[in-house]
Amino acid sequence: MASIIAEDVESDAFQYEKGNISSTQTFDKIFLTINKAKTKAQKLSNCVGFCVESDKKPKEDKEYLCHFKEGDVNVVEHGKWHTYVCPPKDDVGTVALKSGLNVPAGAGG
């Protein structure tokens with residue numbers, strides 16, 4: 001398992017789901033494009049994803065009021081909500097990706 005810095009993760013690593021994570025789990029709200037929201041979510045160690053309200057599936061380059069979430073990921077289909085779930089993070093909050101690369105012990109930190 002290799003860890004990389006969050007901004008190097010492609011935005012398609014997020015899982016899209018129709019629905020919303022509970023509003024009680026919102027810790028921040030800000031107007032951003034979907035792509036910028038993905039970058040922000042990856043940098044926040046406690047963030048499990050974000051939700052936006054839109055009549056149709058959100059466009060990557062349009063701004064929406066993004067509701068950043070923490071806690072358990074339980075997406076409930078509700079109204080016009082759309083959720084983007086962060087890729088899994090390791091213990092220090094960086095995104096963890098599966099890799100076929102084998103690095104010998106002591107090499108590369």
Mind checking which pairs have a first residue in segment 7-30 that is modelled with pLDDT under 95 and a second that is open to solvent by 40 Å² or more (accessible area, probe 1.4 Å), Cβ under 6 Å, 6 or more apart or different chains? SER11/ASN35
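Which count do you get for residues in segment 21-66 that are part of a strand (DSSP E or B) and not β-branched (Val, Ile, Thr)?
14
Identify all residues within segment 78-104 that are closer than 17 Å to VAL48 by Cα and either modelled with pLDDT under 90 or open to solvent by 100 Å² or more (accessible area, probe 1.4 Å) (or both); write none if there are none.
PRO88, LYS89, ASP90, ASP91, VAL92, GLY93, THR94, VAL95, ALA96, LEU97
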Could you tell me whether any residue of segment 51-70 is on the phi > 0 side of the Ramachandran plot and surrounded by 14 or more Cβ atoms within 10 Å (Cβ to Cβ)? no
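The values are calculated or read from the model by the stated rules, or taken from the named source; none is laboratory data. The model shown is predicted, which means the values in this text are computed figures rather than measured ones. We place every Cβ from the backbone using ideal geometry, glycine too, and count neighbours over all the protein chains shown. These area figures cover heavy atoms from the full protein model, side chains too; ligands, DNA and RNA do not enter into them. Shrake-Rupley method; radii C 1.70, N 1.55, O 1.52, S 1.80 Å.
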